[in-house]
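Let me begin by presenting the structure, written as structure tokens, before commenting on it.
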Protein chains: 2
Amino acid sequence: MPIQIIPITGLPIIKEGDDLAELTVKSLKEQGLLPIEKDVYVFSHVIASRVEGKQVDLEKVEPSQKAEKYAEITGKDPRLLQVILDESRVVRRIGPGVIITETKHGFVCANAGVDKSNVPGETIVSPLPDDPDITARNIRTRFNELAGVNVGVIICDTHGRAHRDGEINVTVGASGFEVIRDRRGEFDLFGYELKVKRTTVSDELSSAAELVIGQSDEGVPAALIRGYDIVLSESGSAQDIVRGREKDLFL
Amino acid sequence: MPIQIIPITGLPIIKEGDDLAELTVKSLKEQGLLPIEKDVYVFSHVIASRVEGKQVDLEKVEPSQKAEKYAEITGKDPRLLQVILDESRVVRRIGPGVIITETKHGFVCANAGVDKSNVPGETIVSPLPDDPDITARNIRTRFNELAGVNVGVIICDTHGRAHRDGEINVTVGASGFEVIRDRRGEFDLFGYELKVKRTTVSDELSSAAELVIGQSDEGVPAALIRGYDIVLSESGSAQDIVRGREKDLFL
């Protein structure tokens, strides 16, 4: 059976307090679809942050001395640097045009995930939600209330990679399913036991979703992936993907 | 329109000299499908290497002193270490249970992409094809001969990531389309020009494909992604994703 990647079209411009699950169900209905068990709903972090009012107006930010210093190094706005530092545990790399930090959630990425595009008002920036797993869980709970089904929910962001060019979509928040599929102990085509394979299915689902999120000129901020057999789990969390510093070979 | 991820089912055990495009077209026909323009075909590197006879019998490998030394550090078979070194330009990280190298193609990954599973015979290992872009191009040419359509072809492998746990599927060879979509200059939902977005769509397509490749217990080694609007290009190459050492912040 093919897996389908379905764009959630016709969403209004999302604003603080909006009910993303309800708006998504409405959009699906207009496409003649209803939520079903094991659907995976993937939302861009920008709309998730906006729903939670997690936006910062740079006009109201007073940059610290450190932010001023980093602004000089990177050539970026010192107020933006302040927001990035506020969202970060530690700076991993810094240079002209680039700052890569470890966010307070543990993700290693450029600008601590603070996004400038897709945000109304030139001085408004959009950090990640404070706890994207909770964001995902709240949306999942609403899907269950509205449609009576167990689904997976992902909050995604586009990240660069240490050793490959360009960005891909990855998971920053997840709820409802096991984000890593541990295939060790399974057998391959020839009956050999797999020794090492642990697949981060939620990152693969996030990247799949971006094929419709990123492709559209109309700004589709969400996607449904239907037909992938997620392992439902109450404890699924994007924190399972965070590599602790003690295991990081590229500190 | 939804994008579809279609498993290529019913392939025989692939052997040296097999025609992957022809076998794929046959498999599609059995599913009632024909190749169409802008289809993307994703093949696991293991079957691509096998078609090209790119397999090594460890019984016939004489490990060098260096391979013996690295075997002690990693706890791996010295003959496997020799194959890994033969496939690599430089070792990036090494420790107990792990060796990360820069392959001769420029990919930074564990074991230089040399794969042990899915290979018949316990001592047979499967390196990446010598030039996975050429592998992809040859398959693409055959699709055009067989079905008269322009498609994209990807050779994929599962890689770990520097800063995230678990593995995801990425592109090691590509042909027929632009692997990176440069969105700089496009406009977002609010009319703001995107300044930085370069999306590695071929890695996202590879990850999407793994949702059917990796999920099956029956060992599906290939997938078709239909409905994504690739930008056809004669010069598309996985080398576009290779980050030169001069740009690598995590050497």
Margin query: With the structure loaded, tell me whether A:Lys60 is free of Cβ contacts under 8 Å to residues at least 60 places away in the same chain, under 27 Å from A:Ser233 (Cβ atoms) and among the basic types (Lys, Arg) or whether it fails that test.
Written below: no
Note to self: Being modelled with pLDDT of 95 or more, under 16 Å from A:Ile213 (Cβ atoms) and within 8 Å of another protein chain (Cβ to nearest Cβ): is that true of B:Glu186 here?
What the structure shows: no
Check: What number of residues within the range B:221-251 satisfy the criterion of being surrounded by 22 or more Cβ atoms within 10 Å (Cβ to Cβ) and assigned to a strand (DSSP E or B)?
Finding: 4
Margin query: Any residue at all in the range A:10-24 that's assigned to a helix (DSSP H, G or I), within 22 Å of the chain's Cα centre (by Cα) and without any contact (Cβ under 8 Å) to a residue 40 or more places away in the chain?
Written below: yes
Item checked: Out of A:Gly166, A:Gly176, sole residue that is closer than 27 Å to B:Thr199 by Cβ and within 14 Å of chain B (Cβ to nearest Cβ) -> A:Gly166
Item checked: Residues satisfying the stated conditions in the range B:117-160, i.e. assigned to a loop (DSSP other than H, G, I, E, B) and either touching a Ser or Thr at 6+ places or on another chain (Cβ under 8 Å) or of a type in the set (Val, Ile, Thr) (or both) -> B:Asn118, B:Val119, B:Thr123, B:Pro127, B:Leu128, B:Pro129, B:Val149, B:Val151
Check: Quick check, is A:Val46 within 13 Å of chain B (Cβ to nearest Cβ) and crowded, with 18+ Cβ neighbours inside 10 Å?
Finding: yes
Item checked: Qualifying position, being at pLDDT 95 or above and out of contact with any strand residue (DSSP E or B) (no Cβ under 8 Å at 6 or more places or on another chain), among B:Leu205, B:Leu224, B:Leu232, B:Leu146 -> B:Leu146
Margin query: Given the options A:Arg79, A:Arg89, name the one that is in contact with a Leu (Cβ under 7 Å, 6 or more places away or on another chain) and outside the structural domain of A:Glu37 (by TED's automatic domain parsing).
Written below: A:Arg79
Checklist line | Hits in the range B:112-158 (condition: more than 14 Å from the chain's Cα centre (by Cα), within 26 Å of B:Asp240 (Cα to Cα) and of a type outside the set (Lys, Arg)) | finding: B:Asn138, B:Thr141, B:Phe143, B:Asn144, B:Val149, B:Asn150, B:Val151
Notebook entry, point to check: Just to be sure, is A:Asp39 acidic (Asp, Glu) and surrounded by 17 or more Cβ atoms within 10 Å (Cβ to Cβ)?
Noted result: yes
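The values are calculated or read from the model by the stated rules, or taken from the named source; none is laboratory data. Model, not experiment: these values are computed from the prediction. Cβ coordinates were reconstructed from backbone atoms using ideal geometry, including for glycine residues, and neighbour counts include every protein chain displayed.
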